[in-house]
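Everything below concerns the one structure shown next.
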Amino acid sequence: MNFDTLFALAKEKGIEDLQVYYSGGTSFDIEVFKGSLEKYTIADTAKLSVKGIYDKKMGTVTTEIINSDQFEFIVDSVIASAKAIDNDDEVFIYEGDDHYKEVEGLYNKALEEVDPKRKIEDTLKLEELVKTEDERVTMVQAFYGDGTTNVLIQNSKGLKLEKKVNVGVFGAYVIASDGDDQRTAIEYQQSNIYDDFDLEKIAREGAKKACALLGAKPVESGAYEVILQNSASTALLAPHVPMFSAQNVQKGVSLLKGKKDQIIANELVSIIDDPFMKKSSKSGSFDDEGVATTYKKVIDKGTLTGYLYDLRTAKKDDVQSTGNGFKNGIHPTNFYIDAGNTSLEDAIASLEKGLLITELAGTHAGCNFVSGDFSLQASGYLIENGKKTRPVALITVAGNYLDLLNDVTQVCNDTKMNFSFIGSPSIKIKSLQISGK
């Protein structure tokens, strides 16, 4: 859509500067259960967010009706919104950066061109593959989904940025039972290259996860050396991401306030925000404010190097925005603990006695990013003399996230990202308090 008419109308009505943010796309989702297609959804979405400076106030409006007939309404709404602002905070529209990195692998047209019939057949095949992996698998729900998103940022200062991204995911929810015990698991794979999907591997790992924990029992309470498997470590990192937000630091609700350039983790730990990762819908050369994104280590070999900024918080601290202004707040792009060189198998073999924790439950309710404290239900395996000796469940693991990062003794090479593209490899922890029997 051509927004020149909108910009001209805004100027005519006294708006100093105006910026539009358009996000639209399509999504395709299917689920199969007991050999039948249970869900088949194709959806189109589009949203236009407009902000403008009127009488030194920033007015905003968002609409899902996007056509030139709405321009008068949009401009009037921006002015009305600005008139309702009663604070004197300085506002501005960003003119843009000199350079934006070209990011490869954001969009793969071939993924959209895969016949939906093939996607359905493969999802049915995935369900069947999981069932045949182990006779103790009693129920499977397999799913596939993909989506394409188009983003446009344009403003009256001459900035115009566009990107198009897509990604797909295959996965399965698995329930296993031995008659006395029942366990669940989820396994999935994300990519925007259809041939990347390994259905046999997803089926094998999903069934293995669910069945291996059958008969799990608690261990004695106490302090244990622990390996957090990649998915568990990711689940624990995700609710603590807000502590890296400059907004929370400035509000005094982050444990990291005043700790820039200090050692806050073991030197084995680096945490990266990478907007240039291939095959990720979170990647891109600019954020929602039009700021060029950057690859950065917020923790580099144990040292906190800085925080994640948008334009407003960067101005307050008199620094440059890090390009993390997303969804009217501060959010990471692809955020993960950097991988080490150790395999998970070698990490397990190095454990004389301890626990391999594979799942953590209740991470949002059981984690406090302000204090860093966590207390979570967990399951996994007892490790003795370097081998898994039995499955473990009904235990609670408790600690503080910064203490945990300080107690890391090994970082593995098996990084896994969650659906929000937050990720971690498996990590070995010197000691964690376990409540069991």
- Task: Output the number of the condition that residue 380 fails; it satisfies all remaining conditions of (1) open to solvent by 60 Å² or more (accessible area, probe 1.4 Å); (2) more than 19 Å from the chain's Cα centre (by Cα).
- Result: (1)
- Number of the condition not met by residue 203 [criteria: (1) crowded, with 23+ Cβ neighbours inside 10 Å; (2) over 28 Å from residue 106 (Cα atoms)]: (2)
- Task: Output the number of residues of segment 149-161 satisfying the condition of being within 22 Å of the chain's Cα centre (by Cα) and crowded, with 21+ Cβ neighbours inside 10 Å.
- Result: 0
- What is the residue count in segment 294-322 for residues that are among the hydroxyl-bearing types (Ser, Thr, Tyr) and open to solvent by less than 10 Å² (accessible area, probe 1.4 Å)? 1
- Taking residue 370 and the conditions (1) farther than 17 Å from residue 424 by Cα; (2) in contact with a strand residue (DSSP E or B) (Cβ under 9 Å, 6 or more places away or on another chain), which numbered condition does it fall short on, given that it satisfies the others? (2)
- residue 362 is checked against (1) open to solvent by 40 Å² or more (accessible area, probe 1.4 Å); (2) at negative phi; (3) out of contact with any helix residue (DSSP H, G or I) (no Cβ under 8 Å at 6 or more places or on another chain) and fails just one. What number does that condition carry? (2)
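Can you list the helices (runs of 4 or more DSSP H) lying wholly within segment 336-437 that have 2 or more residues being without any contact (Cβ under 8 Å) to a residue 60 or more places away in the chain?
Values: elements: 344-349, 363-366, 401-406.
Helices (runs of 4 or more DSSP H) meeting the threshold: 344-349, 363-366.
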- Note on the structure: Residue set 124, 129; condition touching a helix residue (DSSP H, G or I) at 6+ places or on another chain (Cβ under 6 Å) and under 30 Å from residue 209 (Cβ atoms); output residue 129
- Answer yes or no: is there a residue in segment 273-289 that is open to solvent by less than 10 Å² (accessible area, probe 1.4 Å) and in contact with a Lys or Arg (Cβ under 7 Å, 6 or more places away or on another chain). yes
- Answer residue from segment 333-359, given it is acidic (Asp, Glu) and buried (at least 18 other Cβ atoms within 10 Å of the Cβ) and is farthest from residue 397 (Cα to Cα) among those: 338
- Single unsatisfied condition, residue 236 versus (1) open to solvent by less than 40 Å² (accessible area, probe 1.4 Å); (2) within 25 Å of residue 326 (Cβ to Cβ); (3) assigned to a loop (DSSP other than H, G, I, E, B): (3)
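Would a scan of segment 166-175 turn up a residue that is modelled with pLDDT of 95 or more, among the hydroxyl-bearing types (Ser, Thr, Tyr) and within 23 Å of residue 418 (Cβ to Cβ)? Before the answer, list the steps.
Of segment 166-175, the ones modelled with pLDDT of 95 or more are 166-175.
Going one step further and asking which of them are among the hydroxyl-bearing types (Ser, Thr, Tyr), we end up with 173.
Filter again for within 23 Å of residue 418 (Cβ to Cβ), leaving 173.
The answer is yes; a qualifying residue exists.
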- Message: If a residue must be out of contact with any helix residue (DSSP H, G or I) (no Cβ under 8 Å at 6 or more places or on another chain) and without any contact (Cβ under 8 Å) to a residue 12 or more places away in the chain, how many such residues does segment 237-273 contain?
- Response: 3
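Each row is one residue, and each column tells you yes or no for (1) within 21 Å of the chain's Cα centre (by Cα); (2) more than 22 Å from residue 304 (Cβ to Cβ); (3) among the charged types (D, E, K, R).
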| site | (1), (2), (3) |
| --- | --- |
| 209 | no, yes, yes |
| 216 | no, yes, no |
| 226 | no, yes, no |
| 241 | yes, no, no |
| 258 | no, no, no |
| 265 | no, no, no |
| 270 | yes, no, no |
- Report yes if residue 373 is open to solvent by 10 Å² or more (accessible area, probe 1.4 Å), over 19 Å from the mean Cα position of the chain (by Cα) and farther than 22 Å from residue 414 by Cβ, otherwise no. yes
- Task: Residues that are free of Cβ contacts under 8 Å to residues at least 40 places away in the same chain, at negative phi and surrounded by fewer than 16 Cβ atoms within 10 Å (Cβ to Cβ): find the strands (runs of 3 or more DSSP E) completely inside segment 1-86 holding 2 or more of those.
- Result: 36-54, 57-63
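Can we say residue 253 is over 30 Å from residue 148 (Cα atoms) and either in contact with a His (Cβ under 6 Å, 6 or more places away or on another chain) or open to solvent by 20 Å² or more (accessible area, probe 1.4 Å) (or both)? If you could, list the steps in order and put the result at the bottom.
Working: over 30 Å from residue 148 (Cα atoms): yes; either in contact with a His (Cβ under 6 Å, 6 or more places away or on another chain) or open to solvent by 20 Å² or more (accessible area, probe 1.4 Å) (or both): yes.
Here the answer is yes, as residue 253 does meet what is asked.
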- Are any residues in segment 210-230 surrounded by fewer than 20 Cβ atoms within 10 Å (Cβ to Cβ) and assigned to a helix (DSSP H, G or I), and if so, which ones? 212
- Can you spot a residue in segment 105-124 that is in a strand (DSSP E or B) and surrounded by fewer than 20 Cβ atoms within 10 Å (Cβ to Cβ)? no
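The values are calculated or read from the model by the stated rules, or taken from the named source; none is laboratory data. This structure is a prediction, so every number in the text was calculated from the model and none was measured. So basically every Cβ, Gly included, is an ideal-geometry build from the backbone, and we count neighbours across all protein chains shown. Remember, those area values only see protein heavy atoms, side chains included, never the ligands or the DNA or RNA. Shrake-Rupley method; radii C 1.70, N 1.55, O 1.52, S 1.80 Å.
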